[in-house]
Amino acid sequence: MSDLLRIEKLRYTWPGESRPVLDIAEFSIARGERVFLKGPSGSGKSTLLAAIGGLIQPDGGRIRFDNTDLGSLSAAARDRFRAEHLGVIFQQFNLLPWLDVRANVTLPCRFSRTRAKRAGDVGVAAERLLDAMDLAPEQRGKRADELSVGQQQRVAAARALIGKPQLVLADEPTSALDSDRRQAFIELLFAQIEAAGSALLFVSHDPDLAHDFDREVSLPEINRAGVAA
């Protein structure tokens, strides 16, 4: 498989800090690959996702995504690129509380014509994803802040997957769930990742989840900085 994402000599230091939080010589993800990224709290996992997503600009090095050098893009262009190519499941889900379930799921297609085109009929695509993520129809008209944690998690996953993004970034999305619900969510997520043909970078400090993935990577082992984020 060819590389979808390739990182070389990535270095980032948070403003006001003297030492870098990220200093990664090389890291890559193949198309369609499911990668489990582990590391203790504060090891820089979320910082790496922010760099890949174009939310922060590295101090040095290069991030190439599908032959596009993210460092060559303006901030606005990075935002557009992220909307078109990436799906993100945040640790706190980051649903818009005043919107209902369907409006939250279809939100990426409002910001990206490319995602909307890949989705086809956006409303139908949203319903299919919510079916696949096992969210009951009677829950879909509710505001996001009326849902349980587990329901919000499934809505966040459906939002990340709509429009078949090339890469899904998942930042500790199972941290609030018990072991049975974690495993059930992983199985639902994998099924939809495979259906979309997306790659997955899944960040967690829970090593029990790693066996389900194609590859396991320890951030402290590839990060020469080795300091807390």
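Any chance region 31-40 includes a residue that's more than 19 Å from residue 170 (Cα to Cα) and modelled with pLDDT under 95? The answer is no, given that none of the residues of region 31-40 is more than 19 Å from residue 170 (Cα to Cα) and modelled with pLDDT under 95. Reported count of residues in region 16-41, each being under 18 Å from the mean Cα position of the chain (by Cα), surrounded by fewer than 19 Cβ atoms within 10 Å (Cβ to Cβ) and in a loop (DSSP other than H, G, I, E, B), is 3.
Return yes when residue 44 is over 16 Å from the mean Cα position of the chain (by Cα) and either of a type in the set (A, V, I, L, M, F, W, C) or on the phi > 0 side of the Ramachandran plot (or both) and no when it is not.
Details: over 16 Å from the mean Cα position of the chain (by Cα): no; either of a type in the set (A, V, I, L, M, F, W, C) or on the phi > 0 side of the Ramachandran plot (or both): yes.
The answer is no for residue 44.
Residues that are touching a Gly at 6+ places or on another chain (Cβ under 9 Å) and either under 16 Å from residue 154 (Cβ atoms) or at pLDDT below 95 (or both) within region 85-107 comprise 87, 88, 100, 101, 102, 106, listed in sequence order. The residues on offer are 55, 49, and the sole one that is touching a Leu at 6+ places or on another chain (Cβ under 9 Å) and not in a loop (DSSP other than H, G, I, E, B) is 49.
Going by the conditions given, is residue 121 in contact with a helix residue (DSSP H, G or I) (Cβ under 8 Å, 6 or more places away or on another chain) and at pLDDT 90 or above? Before you say what the answer is, go through the steps one by one.
Numbers: in contact with a helix residue (DSSP H, G or I) (Cβ under 8 Å, 6 or more places away or on another chain): no; at pLDDT 90 or above: yes.
So residue 121 does not fit the description; no.
Pairs under 8 Å by beta carbon, first residue more than 18 Å from residue 4 (Cβ to Cβ) in region 73-94, partner surrounded by 15 or more Cβ atoms within 10 Å (Cβ to Cβ) and acidic (Asp, Glu), six or more apart or different chains? Correct list of pairs: 90/171; 91/171; 91/172. When 129, 73, 86 are checked against the criterion of being surrounded by 21 or more Cβ atoms within 10 Å (Cβ to Cβ) and within 30 Å of residue 11 (Cα to Cα), a single residue qualifies: 86.
Kindly provide the set of residues from region 1-15 that are farther than 14 Å from residue 223 by Cβ and surrounded by 20 or more Cβ atoms within 10 Å (Cβ to Cβ), ordered by number. Hits for region 1-15 are 4, 5.
Out of the residues in region 42-65 meeting the condition of being among the hydrophobic types (A, V, I, L, M, F, W, C) and within 23 Å of residue 216 (Cα to Cα), tell me which one is surrounded by the most Cβ atoms within 10 Å (Cβ to Cβ).
First, pick out the residues of region 42-65 that are among the hydrophobic types (A, V, I, L, M, F, W, C): 48-52, 55-56, 63, 65.
Those left that are additionally within 23 Å of residue 216 (Cα to Cα): 48-52, 63, 65.
On the way: 48: 29, 49: 22, 50: 19, 51: 23, 52: 23, 63: 21, 65: 22.
Within region 42-65, the match that is surrounded by the most Cβ atoms within 10 Å (Cβ to Cβ) is 48.
For region 180-229, the set of residues classified as of a type in the set (Val, Ile, Thr) and either under 18 Å from the mean Cα position of the chain (by Cα) or surrounded by fewer than 16 Cβ atoms within 10 Å (Cβ to Cβ) (or both) consists of 186, 193, 203, 217, listed by residue number. Is there a residue being at pLDDT below 95 and not in a strand (DSSP E or B) anywhere in region 2-9? Checked region 2-9: at least one residue is at pLDDT below 95 and not in a strand (DSSP E or B).
The values are calculated or read from the model by the stated rules, or taken from the named source; none is laboratory data. Keep in mind the model is a prediction, meaning the values are calculated, not measured. A quick note on method: Cβ atoms are made from the backbone with ideal geometry, for glycine too, and the neighbour counts reach across all protein chains shown.
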